[in-house]
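The values are calculated or read from the model by the stated rules, or taken from the named source; none is laboratory data. Not measured: the values here are computed from a predicted model. Glycine gets a Cβ as well: all are built from the backbone with ideal geometry, and neighbour counts include every protein chain shown. Only protein heavy atoms, including side chains, enter the accessible area calculation; ligands, DNA and RNA are left aside. Shrake-Rupley method; radii C 1.70, N 1.55, O 1.52, S 1.80 Å.
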Amino acid sequence: MKIVFIICDGMGDRKIASLGNKTPLEHAETPNMDTLAREGVCGRIDVLGRGVEPHSDDAHLTIFGYDLKKHYPGRGPIEAAGIGIKLMHGDVAMRTNLATVDKNFTVVDRRTGRIESTAPFAKDLDGMMIDGVRFIVKPGTAYRMIVIMRGKGLSDKITQNDPKIKGRKVLGIHPKDRSKEARFTAAMLTKFIEKSHKILKANPNNQKIKKEGKLEGNYLLVRGFGYHKKIPSFKEMYGLKACCIAGAGLYKGIGRTMGMKVIEVKGATGMPNTNVRAKFKAAKKALEDYDFVFVHVKPADSLSEDGNVKGKTEFIEKIDRELDVLMDTDAAIVITSDHSTPCELKSHSDDPVPFLINSKYIDADNVKKFGEADCEKGKFGIVRGKDFMNIVRKTLKF
Ligand code: ZN
């Protein structure tokens with residue numbers, strides 16, 4: 001059994017008056033997805049349950065059949081995996097923004113004016129040792145960084161220092177429970193943040209940036225702590241040799257967290273200019289070596305977060321056009337979304353997402369078109385996120 005499993009991030013939506021009371025997916029011209037739906041079976045996934053807005057990481061892991069309570073490693077370790085850092089058991093990883101604060105530690109900008117790269121800053125901090133704890137600091141995309149604490153007796157049960165809103169003072173880092181580990185970790189991280197602030201202020205890049213009238217990167221805002229633990233691989237769960245094709249770091253991280261091999265594709269950027277065709281071509285090629293090819297396509301989500309209905313609709317049409325590449329394979333094709341991102345909300349929502357499962361070897365249901373309302377009338381109706389992989393497994397018999 002060979003499967004291409006495509007997740008179009010944030011593709012699900014609500015009916016929009018300007019689209020004749022259709023969703024962007026229902027309104028878009030999607031002949032390929034419609035064919036796959038017509039010849040396959042459909043439904044909608046209620047990803048994390050009504051009333052719970054999924055993040056991309058917990059949504060993906062749930063759809064892939066992982067139990068969040070047991071297996072969710074936290075956002076930090078997933079982001080770290082995304083930039084290819086191998087974590088060791090006991091490491092605590094965190095998402096980090098290079099930010100600008102004033103002399104009173106009030107946040108001027110959480111993203112240092114969306115600075116393009118933090119590489120010249122990360123290298124000054126990388127490898128710092130404080131009381132037996134090593135701090136590994138690596139640049140992420142744009143203003144983002146990853147900080148990893150490595151040492152004995154660490155915990156991820158600590159609070160973030162990011163007030164999330166500019167104009168507010170940075171917060172103190174505190175233990176979330178009474179354990180010795182949480183108290184120790186909070187104290188070490190506090191020392192690291194203070195030392196880093198001094199080192200960042202003295203970084204020559206900041207002198208240059210200030211002369212140009214831009215904001216200096218002088219503070220680390222940390223959140224999304226996670227304690228590294230090994231989780232069962234996708235292969236162990238389903239017996240399928242799996243790979244991941246994604247542009248943005250988080251999704252490569254999700255793939256690596258599940259033990260999937262990440263295949264890098266030139267032109268896969270995770271942005272609206274991303275080369276969807278190149279990704280689908282790479283997926284087709286990967287079918288020679290892998291049983292399960294997870295392809296992540298990001299931009300419908302970001303376009304929704306901008307409230308860009310036209311852009312989202314056109315991007316869905318682009319995905320559909322490029323699907324041409326996969327229409328003649330013998331592989332089963334699954335298409336869904338990790339969560340809905342309604343353009344009217346400009347954020348993720350709990351609305352169930354449409355899905356289709358297509359294979360030459362299954363009997364079709366009566367859905368004729370791929371869209372939210374049609375899929376709900378499909379064979380499966382609305383299913384729970386955590387049941388989805390079992391449904392795929394039963395349908396495709398692996
Ligand atoms: Zn998402």
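Residues in the stretch 351-364 that are surrounded by 20 or more Cβ atoms within 10 Å (Cβ to Cβ) and either part of a loop (DSSP other than H, G, I, E, B) or of a type in the set (G, A, S) (or both): D351, P352, S359.
Summed over the stretch 19-51, residues that are polar (S, T, N, Q), open to solvent by 20 Å² or more (accessible area, probe 1.4 Å) and touching a residue at least 24 places away in the same chain (Cβ under 8 Å) total 2.
Beta carbons closer than 9 Å, at least 6 apart along the sequence or on distinct chains, pair a first residue in the stretch 336-358 that is of a type in the set (G, A, S) with a second that is within 11 Å of the ligand (Cβ to nearest atom) and open to solvent by 20 Å² or more (accessible area, probe 1.4 Å) for S340/H348; S347/E53; S347/E305; S349/E53. Scanning the stretch 314-350 for residues that are open to solvent by 20 Å² or more (accessible area, probe 1.4 Å) and either outside any loop (DSSP other than H, G, I, E, B) or within 13 Å of T35 (Cα to Cα) (or both) turns up E314, E317, K318, R321, E322, D324, M327, D328. Counting only residues that are hydroxyl-bearing (S, T, Y) and within 16 Å of the ligand (Cβ to nearest atom), how many does the stretch 329-365 have? Total meeting the criteria: 6. Looking across G255, G247, G270, one residue alone is at positive phi and of a type outside the set (F, W, Y). It is G270.
Of all residues in the stretch 121-180, those being assigned to a loop (DSSP other than H, G, I, E, B) and either under 26 Å from the mean Cα position of the chain (by Cα) or not basic (K, R) (or both) number 31.
Sort through G381, G311 and tell me the only one that's open to solvent by 10 Å² or more (accessible area, probe 1.4 Å), closer than 14 Å to G10 by Cβ and away from the ligand (no atom under 16 Å from the Cβ). Talk me through it step by step, then tell me what you get.
Values: G381 fails: closer than 14 Å to G10 by Cβ.
Residue meeting the stated conditions: G311.
Every condition in (1) surrounded by 16 or more Cβ atoms within 10 Å (Cβ to Cβ); (2) modelled with pLDDT of 95 or more is met by G153 except one, and the failing one is (1). Of the helices (runs of 4 or more DSSP H) that lie entirely inside the stretch 1-85, those containing 3 or more residues that are within 27 Å of Y361 (Cα to Cα) span 31-38, 56-63. Taking each residue of the stretch 220-238 that is free of Cβ contacts under 8 Å to residues at least 60 places away in the same chain and looking for partners that are open to solvent by 30 Å² or more (accessible area, probe 1.4 Å) with beta-carbon atoms closer than 7 Å, six or more apart or interchain, yields S233/G259; K235/K241; K235/G259.
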